[in-house]
Amino acid sequence: MKQVTERFLTYVKHHTTSDDTASTFPSTNRQLQFADFLAKECREIGLQDIAVDRYGYVMATLAATVEGAPTIGFISHMDTSPDAEGAGVMPHIVEHYDGGSIPLSHISITPEEFPVLQNYIGDTIITADGSTLLGADDKAGIAEILTAVAYLKAHPEIPHGKIRIGFTPDEEIGRGVDFFDVEAFGADFAYTIDGGEIGELQYENFNAAHATITIKGKNVHPGSAKNVMVNAALLGAEIVAMLPEREIPAKTEGVEGFFHLVSFQGTVSSATLQYIIRDFDETTFGHRKNMMTMLVDRKKEQYPNAITLEIRDEYANMASCFKDCMYIVDLAEEAMEAVGVTPVIRPIRGGTDGARLSYMNLPCPNIFTGGHNFHGPYEFIPVKSMEKAVETIVKIAELGAKRK
Ligand SMILES: [Zn+2]
């Protein structure tokens, strides 16, 4: 049977970078090629109902060994981030890691910069060669899911319900579940295997909105501008200054929310400000949106018809989806503990595909892959963490069967 490392080393060599400037779905054709490859892997394992749809979603079934258990899904994404080079990934394997620096072609991964490396002394660590990302995000998830279902297939004596697996395109560009067919997937609940370090278990994420402020100025000769000129860029700067200066990404952590000025383009005649608004708490999230609206309204009184504000909700905290079904989170926690992994339950300061799926009636917490430093050349993953992810998935399947 193929082990998780062998699968992982094969999958990272497939170039699957997504492209946020593309208008097609999936955004890149190479993801469709990888989808076909993964369907072949599923056939090799002996899975059923293997399907690749026109969008590139791969789905497959591992049949139940016991009756009456819930159907559990496991989901990972096939694409890698467009933030770093993803072609020509050359995995670099460090056996018996000694706690020192890991020199690569142009860079070194050092314990000074990444103290977490100390947790992995003696393990085998996989990195890229320094010129690309590694792609553990999220090919580790794919390798872990396929290794786990192959193991279950080879051990029919382990009781488990029906298992559905799903591999999705374009997660890194925020479109990962745009065409995900929840009904066809047919799971009672699912887990994305897309987290970071060993033990991560996440079922809370930001509430998110995007705000666009557009300002129309009045440009006249500065020599005769008194009481006539409206400088759109200056007006924009005034609005920026009115927002709480400490509630920004660089000054918040944990469960604190923020206003983040993503871009500001301005001249005398026009200005556009793009903000993202984030908060874990639904009520304070609402307050943040109201606050921005009120501040802009105040400016509007001074400059009628010059300013427009548009706020669009992006995604919501999935925690509320688990109010009546916390056992889904508990099951993952129990499984981790059963295989000797300490669960690290922390809210995600971002969104996940699982958050959107949870609101599409497929409750879906996120579980660790074991990787670190995603989206860049410092990415690495310890083999033992991948093996623990495999064991966790197997154990979830097994414990899930007891919940009839
Ligand atoms: Zn990911």
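The values are calculated or read from the model by the stated rules, or taken from the named source; none is laboratory data. The structure presented is a predicted model; accordingly, all values stated were derived computationally and were not measured. Quick reminder, even Gly has a Cβ in these numbers, built from the backbone with ideal geometry, and neighbours come from all protein chains shown. To get the accessible areas, we keep the full protein, side chains included, count just its heavy atoms, and leave off ligands, DNA and RNA. Shrake-Rupley method; radii C 1.70, N 1.55, O 1.52, S 1.80 Å.
The numbered conditions (1) of a type outside the set (D, E); (2) open to solvent by less than 10 Å² (accessible area, probe 1.4 Å); (3) more than 16 Å from the ligand (Cβ to nearest atom) are all true for S81 except (3).
Pick out the one residue from E67, E95, E85 that is charged (D, E, K, R) and either outside the structural domain of T10 (by TED's automatic domain parsing) or under 26 Å from Y191 (Cβ atoms) (or both).
Working: E95 fails: either outside the structural domain of T10 (by TED's automatic domain parsing) or under 26 Å from Y191 (Cβ atoms) (or both); E85 fails: either outside the structural domain of T10 (by TED's automatic domain parsing) or under 26 Å from Y191 (Cβ atoms) (or both).
Result of the check over E67, E95, E85: E67.
If the condition is being touching a helix residue (DSSP H, G or I) at 6+ places or on another chain (Cβ under 8 Å) and aliphatic (A, V, I, L, M), then segment 67-92 contributes A69, I72, I75, M78.
The condition of being over 30 Å from H221 (Cβ atoms) and in a helix (DSSP H, G or I) does not hold for T342. Residues being in contact with a Ser or Thr (Cβ under 6 Å, 6 or more places away or on another chain) and open to solvent by 10 Å² or more (accessible area, probe 1.4 Å) are represented in segment 108-119 by at least one member.
Kindly establish whether E310 is outside the structural domain of E256 (by TED's automatic domain parsing) and not aliphatic (A, V, I, L, M). Considered against the rule, which asks whether it is outside the structural domain of E256 (by TED's automatic domain parsing) and not aliphatic (A, V, I, L, M), E310 comes out as no.
Could you grab me the full set of residues in segment 256-294 that are of a type in the set (D, E, K, R) and closer than 30 Å to M229 by Cα? Write out each step before concluding.
Pass one, segment 256-294, residues of a type in the set (D, E, K, R): 256, 278-279, 281-282, 288-289.
Matches in segment 256-294: K289 only.
Yes or no: segment 221-234 includes at least one residue that is among the polar types (S, T, N, Q), part of a helix (DSSP H, G or I) and open to solvent by 60 Å² or more (accessible area, probe 1.4 Å). Yes, segment 221-234 has at least one match.
Select from segment 322-339 the residues that are touching a residue at least 12 places away in the same chain (Cβ under 8 Å) and either among the acidic types (D, E) or part of a helix (DSSP H, G or I) (or both) and list them in ascending order.
Quick first cut of segment 322-339, residues touching a residue at least 12 places away in the same chain (Cβ under 8 Å) only: 322, 325, 327-329, 331-336, 338-339.
Residues satisfying the conditions are F322, Y327, I328, V329, L331, A332, E333, E334, A335, M336, A338.
Under the condition of being more than 16 Å from the ligand (Cβ to nearest atom), part of a loop (DSSP other than H, G, I, E, B) and of a type in the set (D, E, K, R), which residue from segment 134-177 is least open to solvent (accessible area, probe 1.4 Å)? Looking at the filtered set, the residue picked out is K162. Scanning segment 8-26 for residues that are surrounded by 14 or more Cβ atoms within 10 Å (Cβ to Cβ) and touching a helix residue (DSSP H, G or I) at 6+ places or on another chain (Cβ under 6 Å) yields F8, Y11, V12, H14, H15, T16, S18.
For I328, the conditions (1) farther than 21 Å from V255 by Cα; (2) touching a Ser or Thr at 6+ places or on another chain (Cβ under 9 Å); (3) not small (G, A, S) all hold with the exception of (2). Examine segment 395-404 for a residue that is crowded, with 23+ Cβ neighbours inside 10 Å and within 16 Å of the ligand (Cβ to nearest atom), and state whether such a residue exists. No; the residues of segment 395-404 include none that is crowded, with 23+ Cβ neighbours inside 10 Å and within 16 Å of the ligand (Cβ to nearest atom). Going residue by residue through segment 330-347, is there one that turns out to be more than 25 Å from L133 (Cβ to Cβ), among the polar types (S, T, N, Q) and open to solvent by less than 70 Å² (accessible area, probe 1.4 Å)? No, every residue in segment 330-347 fails to be more than 25 Å from L133 (Cβ to Cβ), among the polar types (S, T, N, Q) and open to solvent by less than 70 Å² (accessible area, probe 1.4 Å). Among the residues in segment 178-192, are any within 15 Å of the ligand (Cβ to nearest atom) and of a type in the set (S, T, N, Q)? Yes, segment 178-192 contains a residue that is within 15 Å of the ligand (Cβ to nearest atom) and of a type in the set (S, T, N, Q). Restricting attention to segment 38-70, the residues being without any contact (Cβ under 8 Å) to a residue 24 or more places away in the chain and open to solvent by less than 40 Å² (accessible area, probe 1.4 Å) number 1.
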